[in-house]
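A short write-up of the structure that comes next.
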Amino acid sequence: MRKLGVDRQLKSVPDHVAVTNRAVDRCRSCGHQDECSTRLDEHQQADVPPDYCRNRDLIARLQHAAGQR
């Protein structure tokens with residue numbers, strides 16, 4: 001969320017703790033953890049999550065709310 005620039009926006013949504021916990025659960029249950037970890041290590045910043053990201057819709061909504069999209 002930080003590298004996509006939506007971490008602050010996430011904190012402003014209603015019940016952000018529960019939303020964050022669900023996002024973390026989706027990450028942990030993803031089959032691309034190694035690939036994603038490598039991607040995050042290689043980039044300081046990203047515009048969009050990878051196609052396989054299980055939080056892609058959430059991130060898109062947060063980017064839209066932040067005026068990034």
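The values are calculated or read from the model by the stated rules, or taken from the named source; none is laboratory data. Predicted model, so just to flag it, every value in this text is computed and none were measured. Using ideal geometry, Cβ is built from the backbone for each residue, glycine included, and neighbour counts are taken over all protein chains shown. We work out accessible area using only protein heavy atoms, side chains counted, and drop any ligands, DNA or RNA first. Shrake-Rupley method; radii C 1.70, N 1.55, O 1.52, S 1.80 Å.
Restricted to the stretch 19-47, and to residues there that are touching a residue at least 24 places away in the same chain (Cβ under 8 Å) and out of contact with any Lys or Arg (no Cβ under 8 Å at 6 or more places or on another chain), the residue that is most open to solvent (accessible area, probe 1.4 Å) is 47. The residue that is most open to solvent (accessible area, probe 1.4 Å), among those in the stretch 48-66 that are touching a helix residue (DSSP H, G or I) at 6+ places or on another chain (Cβ under 7 Å) and in a helix (DSSP H, G or I), is 65. Close contacts from the stretch 6-18, counting a first residue that is touching a residue at least 60 places away in the same chain (Cβ under 8 Å) and open to solvent by less than 50 Å² (accessible area, probe 1.4 Å) and a second that is hydrophobic (A, V, I, L, M, F, W, C) and in a helix (DSSP H, G or I), with Cβ to Cβ under 9 Å and a gap of 6+ residues or different chains, come to 6/58; 6/59; 6/62; 6/65.
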